[in-house]
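The values are calculated or read from the model by the stated rules, or taken from the named source; none is laboratory data. Since we're looking at a predicted model, the values are computed, not measured. FYI the Cβ positions are ideal-geometry reconstructions off the backbone, even for glycines, and counts take in every protein chain you see. All accessible areas refer to the heavy atoms of the entire protein, side chains included, with ligands and DNA or RNA removed. Shrake-Rupley method; radii C 1.70, N 1.55, O 1.52, S 1.80 Å.
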Amino acid sequence: MSRLLRLSVNGQSVDVPAGASVAAAIAQATLHFRRSVRGTPRAPLCGMGVCFECRVRVDGVAHVRACMTPAVEGMQVYTDG
Amino acid sequence: MAKRFDVLVVGAGPTGLAAAQAAASHGAQVGLLDAQARPGGQVWRHDVRHQAPRAAREAFATLDNVTWLAQHSVVANEPQGLRVETPGGSELLGYNALILATGARERLLPFPGWTLPGVCGAGGAQALTKQGWPVAGKRVVVAGSGPLLLAAAATLRAHGARVLGIYEQASAATVRRFASQLLHWPARAAQAAALRARLAGVPYRCGSVVQRAHGEAQLQGVEVDGPRGTQRIDCDLLAVGYGLVPQVELAALLGCALQQTGKHPRVRVDGLLRTSVPGIFAAGEITGIGGLAVARIEGTMAGHAAAGFDQEAHALRAQRDKARGFAALLDTHFALDPRIHRLADARTIVCRCEDITLGELDGFGDARDAKLATRCGMGACQGRLCGSALAELGRFPRSGSRPPLFPARLATLAGHTSLSPSDDAYRGS
Ligand SMILES: Cc1cc2nc3c(=O)[nH]c(=O)nc-3n(C[C@H](O)[C@H](O)[C@H](O)COP(=O)(O)OP(=O)(O)OC[C@H]3O[C@@H](n4cnc5c(N)ncnc54)[C@H](O)[C@@H]3O)c2cc1C
Ligand code: FES
């Protein structure tokens, strides 16, 4: 098994293997990645950077695609769920 | 100042990797960029648990001879080159020859419940899983169409998911006809047999379509319509995709001529993979869905041709045509059943970025009119999803590409004077 990285998702600690995406880290804590314009919960659809349903706040930067972002030790992630 | 390459390759999937290697073998200075953090594209996407296949490892090893530009996303075209956004800033990349290898995305079609968390693409689920999405012990339904369903199911299972079944829309008779054709393609037959072995015990049902996803805040179950009627299956994850469509947005932005195949465009190329714009080549999925074998051959051809070695490119044509023959087989056998086009009802959201329902689009015969009146296609995905879906549903074709190709930071775009400040693509980023 590869090394584990620890991130914080909405204040909760989660561990993922090195090489995992931020999306994978979030999925350990919640499936609610963002709220749509009419307020319904959304989660990743395409897994490849096209649909933008996985947008979250990472280390203070908004609208980051979680599926395209490699998880890094100590990252602070906030969903809009 | 723009960095400049003899040959610049966009997309580091099997096509782009082969292209970069072929061009570099002639001594050309090659730049290879990808929006992703790692090379491999879709099929060779990094898996946190499992080693990459040998062909992929060999392709990655050739990166030593090229300038590998990870997390470089092309967002616009400028007179001196391509405007590229990176996590830390932006760059301008110039080139003498450009090879487009931007691949394909899934054909994701609307049906009631498809916006629920827990519903994703088939290839989408595979991609998420490879990157560590927790699926161990989860009950998963795989559905849609084509051989990608088997590949996705095999990945999910290898990561510990309980794959409850694979639901293929094509009829059993058609799938049998397809399987009998595999006799002429021994390598493909072997691949298919290996996949089936990895999926031993998983039901594979033909003529079956997921017509609805149920759940409140997230997915709880799906309704499958099959030859023996309608069935409700409780599950945690639905992985559903109806094959692939070429990602032509960058090619279109650069002015390369497109060609319609069925309801979706692909990039038009000649026998040496030259697009209609001098100096720009296109290869792999964007010139028509062809799969891994085509990707690798066409990538090599484009690399040779872009470096000025036409003979070497030409020598691969017969091999390429044969591989394309298999792709054509897939196309005819996994054609979509018209009932899939009727799954979405008036209340089903089609534009997920702006929450526009199919009913709200009644009466519009043109993407532009629909956009102005309803905001359909104005969100962050820039119409990639709803545009392809509406074209597939026979409503109207997608409108053309406009910069930036993806929502980009204002700082990235600041160097780009041809953008109008009212451009809605600023939004959503
Ligand atoms: C989600 C998914 C899963 C798949 N899984 C399999 C599988 O398991 N087995 C199989 O045989 N086939 C699979 N396929 C089919 C796949 O299309 C081909 O096998 C193969 O990967 C195509 O190679 P390619 O190099 O042409 O494109 P891709 O592999 O798709 O590579 C294209 C690359 O271009 C990059 N790119 C696109 N636009 C830009 C831009 N503007 N800026 C920077 N980079 C950009 C992308 O990030 C991507 O890495 C899958 C397809 C999809 C969509
Ligand atoms: S899941 Fe589609 S962009 Fe991330």
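Ordering B:Lys130, B:Lys138, B:Lys371 by how much accessible area each has at a 1.4 Å probe, largest first, what is the list? The partial results should precede the final answer.
Details: B:Lys130 20, B:Lys138 80, B:Lys371 45 Å².
Result, largest first: B:Lys138, B:Lys371, B:Lys130.
Any chance you could tell me what percent of the C-alpha pair distances in region B:57-189 go past 24 Å?
55
Using the 4.7 Å Cβ rule, please list in number order the cysteines from chain B without any candidate partner.
B:Cys120, B:Cys206, B:Cys235, B:Cys256, B:Cys353, B:Cys381
With an 8 Å cut-off on Cα pairs and a minimum separation of 6 or more residues, tell me the relative contact order of region A:8-81 in percent.
After rounding, I find 38 percent.
Starting from the exponent 0.38 and prefactor 2.2 Å, build the expected Rg for chain B from its residue count and divide its actual Cα Rg by it.
Details: Rg = 21.3 Å, N = 429, 2.2 N^0.38 = 22.0 Å.
Its radius of gyration relative to the 2.2 N^0.38 Å reference: 0.97.
Can you give me the long-range amide H partners of B:Ala143? Hydrogens built in the peptide plane at 1.01 Å from N, cutoff under 5 Å, separation of 5 or more residues or another chain.
Residues meeting the criterion, in which the H sits 1.01 Å from N, are B:Tyr167, B:Ala239, B:Val240, B:Gly241.
Determine one quarter of the surface area of the Cα convex hull of region B:1-124, which equals its mean projected area, and express it in nm² to one decimal.
Details: hull surface 38.6 nm².
Average of the hull's projected areas for region B:1-124 equals 9.7 nm².
Within 10 Å, count the other beta carbons around each residue, average over each peptide in B:114-120, B:340-346, B:213-219, and list them highest first.
Averaged packing, sorted descending, gives the order B:114-120, B:213-219, B:340-346.
Once a ≥ b ≥ c are taken as the square roots of the eigenvalues of the Cα gyration tensor of region B:124-281, is the result rounded (a/c under 1.5), prolate (a/b larger than b/c) or oblate (a/b not larger than b/c)?
Working: a/c = 1.93, a/b = 1.59, b/c = 1.21.
It comes out prolate by the Cα gyration axes.
Quick one: what Rg and Dmax do you get for the protein assembly as shown from the alpha carbons, in Å?
21.6, 65
Dividing the convex hull volume of the alpha carbon atoms of chain A by its residue count, what do you get in Å³ per residue?
Once divided by residue count, the hull of chain A is 81 Å³.
HN-Hα J couplings of region A:54-63 from phi, Karplus 6.51/-1.76/1.60, θ = phi - 60°, integer Hz, Gly and Pro as x?
9, 5, 9, 9, 10, 6, x, 9, 7, 6
Nearest 100 Å² is fine: how much accessible area is buried between A and B, summed over both sides, with a 1.4 Å probe? Don't jump to the answer; show the numbers that get you there.
Details: alone 4820 and 18840 Å², together 20460 Å².
Approximately 3200 Å² gets buried when A meets B.
Using Cα pairs closer than 8 Å and at least 6 residues apart in sequence, work out the relative contact order for region B:108-242, in percent.
Normalised by residue count, the contact order of region B:108-242 is 36 percent.
Got a sec? Charge dipole of region B:237-383, +1 on Cβ for Lys and Arg, -1 for Asp and Glu; which of B:Thr374, B:Thr275, B:Ala315 is way out at the positive end?
B:Ala315
Out of B:Gln131, B:Val210, B:Ala189, whose Cα points farthest toward the positive end of the dipole of chain B (charges: +1 Lys, Arg; -1 Asp, Glu; placed on Cβ)?
Selected residue: B:Ala189.
Over chain B, what relative contact order in percent results from Cα pairs under 8 Å that are six or more residues apart?
18
Using r as the Cβ-Cβ distance of B:Arg368 and A:Arg38, and R0 as 25 Å, what FRET efficiency do you calculate, to the nearest 0.05?
E between B:Arg368 and A:Arg38, to the nearest 0.05, is 0.60.
What whole-number value in Å² describes the accessible area per residue of region B:108-242 for a 1.4 Å probe?
Solvent-accessible surface per residue comes out at 38 Å².
Of all DSSP beta bridges located in the protein assembly as shown, what percent are antiparallel, nearest 5?
55
Work out how much length B:Gln51 to B:Arg177 would gain on full extension: take 0.36 nm times their residue separation and subtract the Cα-Cα distance, in nm to one decimal.
Contour length minus Cα-Cα distance gives 42.0 nm.
For a test of the definition: using alpha carbon positions, the gyration tensor, and the 1.5 limit on a/c, classify region B:175-267 as rounded, prolate or oblate.
Oblate is the answer for region B:175-267, as a/c is 1.5 or above yet b/c matches or exceeds a/b.
With 10 Å bins from zero, work out the P(r) of region B:1-47 over every alpha carbon pair and list the percent per bin.
Answer for region B:1-47: a P(r) of 29, 48, 21, 2 percent.
Can you grab the distance from the C-alpha centre of region B:150-201 to the C-alpha centre of region B:109-128, Å, no decimals?
Distance between centres, Cα-based: 20 Å.
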